[in-house]
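**Student:** Supplied in structure tokens, the structure appears directly below.
The numbers here are math on the coordinates, done by the rules we state, and not lab data. Please read these numbers as outputs of a predicted model, since none were measured by experiment. For neighbour counting, all protein chains shown are included, and Cβ atoms are generated from backbone atoms with ideal geometry for every residue, glycine included.
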Ligand code: CAO
């Protein structure tokens with residue numbers, strides 16, 4: 001038996017490193033190359049491996065400490081011949097049955113040599129020398145040992161993945177980067193059945209006992225509320241959202257609409273702004289077909305749709321529903337007004353069928369009848385874009401010589417940035433604005 005100092009190795013150019021994880025405690029038995037500390041420089045995260053097999057007898061550091069090359073972090077009681085400088089992976093290893101590592105992989109990792117995201121060499125080296133029955137990895141609050149390198153821990157932290165729930169496929173059950181990715185994928189796929197809060201490895205928001213603050217009452221969510229919560233959550237987690245804002249001058253459109261209100265009454269149809277929005281969106285979807293797609297990420301394909309069905313978000317006492325109007329590009333404004341009215345009525349009477357609510361390529365959510373200046377709607381995935389309309393208001397608009405009072409409609413287009421670029425989104429809303437500003441655009 002002899003004692004050996006555990007020192008910080010050459011830092012690969014980094015002046016100092018910070019301890020972001022202490023993976024062992026005094027009294028722990030370790031194998032050569034077992035990770036002892038997680039060290040982070042401004043370039044990478046690596047493990048400090050045990051220089052030999054033995055028992056930790058002293059630890060002089062804690063998380064947050066800064067270290068430089070050669071610093072002693074603790075002492076190791078080395079078993080066997082007393083050769084404190086025994087080569088890691090040599091005959092003295094506790095896991096003697098294991099294949100010796102190639103020399104190049106046995107060396108202590110050089111901090112800064114390999115970016116954390118690229119699976120540091122040190123991680124590979126230690127992964128094959130750790131014995132599963134050796135408590136060389138930190139115990140989690142539940143007491144279960146988690147066996148993973150710093151790069152993997154970092155990825156898990158980024159995804160909010162709980163390493164305790166992940167089965168490692170590496171040597172001796174070590175959790176690999178691929179295991180974390182597979183786990184996250186599985187969580188996302190099972191998102192439909194996940195509760196609205198949490199899911200996808202994201203910890204649920206803990207609920208305090210609200211009754212300590214005042215009187216409370218619990219109500220079961222309606223089915224629509226449950227489905228909406230799941231759908232929104234799934235979309236929010238899966239879709240990289242961006243919202244493009246714009247305005248349309250609908251002064252002339254509003255005059256046109258008002259001119260046709262009386263005729264609408266005769267037809268039994270309320271002529272609102274919505275059918276015009278639908279028609280303008282259909283025109284933009286045809287002009288920019290990249291908005292009329294869904295992404296199949298599993299097969300890495302873009303599914304282009306050659307039909308133009310538009311969903312309309314309808315606010316009902318039971319929650320939000322989205323009936324779909326088919327072939328909007330081929331219907332007249334009167335037909336669209338009639339169908340929108342009929343479907344909104346069915347929605348409020350809870351008479352919509354699944355067929356009424358399926359097949360949309362794009363969604364419009366209009367809050368204009370209520371108020372507001374802008375909002376950021378959530379894409380109704382697997383669609384890739386949604387248009388929000390807020391309340392149109394009179395605004396002074398400069399015509400080059402003077403301000404004119406114009407009725408301006410605020411538009412908020414949220415889109416899936418995987419499918420659509422910002423420039424396309426700006427073109428889309430510019431075209432909407434142009435079309436709503438002058439309906440003759442639709443004739444071209
Ligand atoms: N700016 C100014 N006025 C507007 C407007 C706008 N953007 N949009 C509608 N209006 C006007 C209408 O023209 C109508 O005016 P008149 O009475 O003078 O004709 C009035 O507001 C009421 O319209 P409406 O709301 O009854 O009808 P609509 O066709 O505009 O909308 C529907 C129908 C179903 C979209 C709407 O009733 C609705 O449910 N909106 C809420 C959708 C929602 O909740 N979205 C959020 C989803 S995400 O949480």
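**Student:** Sorted from fewest to most neighbouring beta carbons within 10 Å, what does the list 246, 71 look like?
**Tutor:** Fewest-to-most ranking of 246, 71: 71, 246.
**Student:** Need one word for the stretch 296-427: rounded, prolate or oblate. Basis is the Cα gyration tensor (sqrt eigenvalues a ≥ b ≥ c); a/c below 1.5 gives rounded, then a/b vs b/c decides.
**Tutor:** Note, shape of the stretch 296-427 comes out oblate.
**Student:** Specify the inter-centroid distance of the stretch 369-444 and the stretch 236-252, based on alpha-carbon positions, in whole Å.
**Tutor:** Distance between centres, Cα-based: 6 Å.
**Student:** Which FRET efficiency, nearest 0.05, do residue 440 and residue 202 yield, Cβ-Cβ r, R0 56 Å?
**Tutor:** Calculated transfer efficiency: 0.70.
**Student:** Antiparallel versus total DSSP beta bridges in the stretch 292-425: what percent is that, nearest 5? Provide the component values of the computation, followed by the final result.
**Tutor:** Values: 20 of 27 bridges.
Counting DSSP beta bridges with both partners in the stretch 292-425, the antiparallel share is about 75 percent.
**Student:** Which order do 307, 415 fall in if you start with the one that has the fewest other Cβ atoms within 10 Å?
**Tutor:** 307, 415
**Student:** Which FRET efficiency value, to the nearest 0.05, is calculated for residue 185 and residue 404 with the Förster distance at 45 angstrom and r the Cβ-Cβ distance?
**Tutor:** The computed FRET efficiency comes out at 0.25.
**Student:** Still on this structure: For the stretch 358-444, what proportion of DSSP beta bridges, expressed in % and rounded to the nearest 5, is antiparallel?
**Tutor:** Of the beta bridges lying entirely in the stretch 358-444, close to 75 percent run antiparallel.
**Student:** On full extension of the chain, what length is gained from residue 2 through residue 217, given 0.36 nm per residue of separation minus the C-alpha to C-alpha distance?
**Tutor:** Between residue 2 and residue 217, full extension yields 70.8 nm more.
**Student:** Neighbour counts of other C-beta atoms within 10 Å: give me 408, 278, 271, 394 arranged from fewest to most.
**Tutor:** 394, 408, 271, 278
**Student:** Could you work out how much longer the chain between residue 227 and residue 262 gets when fully extended? Use 0.36 nm per residue separation minus the Cα distance between them, nm to one decimal.
**Tutor:** Values: separation 35, 0.36 × 35 = 12.60 nm, distance 3.91 nm.
Here the segment from residue 227 to residue 262 would lengthen by 8.7 nm.
**Student:** How would you order 398-406, 255-263 from highest to lowest mean count of nearby Cβ atoms within 10 Å?
**Tutor:** Per-residue Cβ counts within 10 Å, averaged per peptide and sorted highest first, yield 255-263, 398-406.
**Student:** Between residue 68 and residue 162, with labels modelled 7 Å along Cα→Cβ, what's the label distance in nm to one decimal, could you check?
**Tutor:** Those two pseudo-labels are separated by 4.3 nm.
**Student:** Between rounded, prolate and oblate, where does the stretch 225-281 land on the alpha carbon gyration tensor, with a ≥ b ≥ c its root eigenvalues, rounded for a/c under 1.5, else prolate if a/b exceeds b/c?
**Tutor:** Numbers: a/c = 4.96, a/b = 1.92, b/c = 2.59.
Oblate, because a/c is 1.5 or more while a/b does not exceed b/c.
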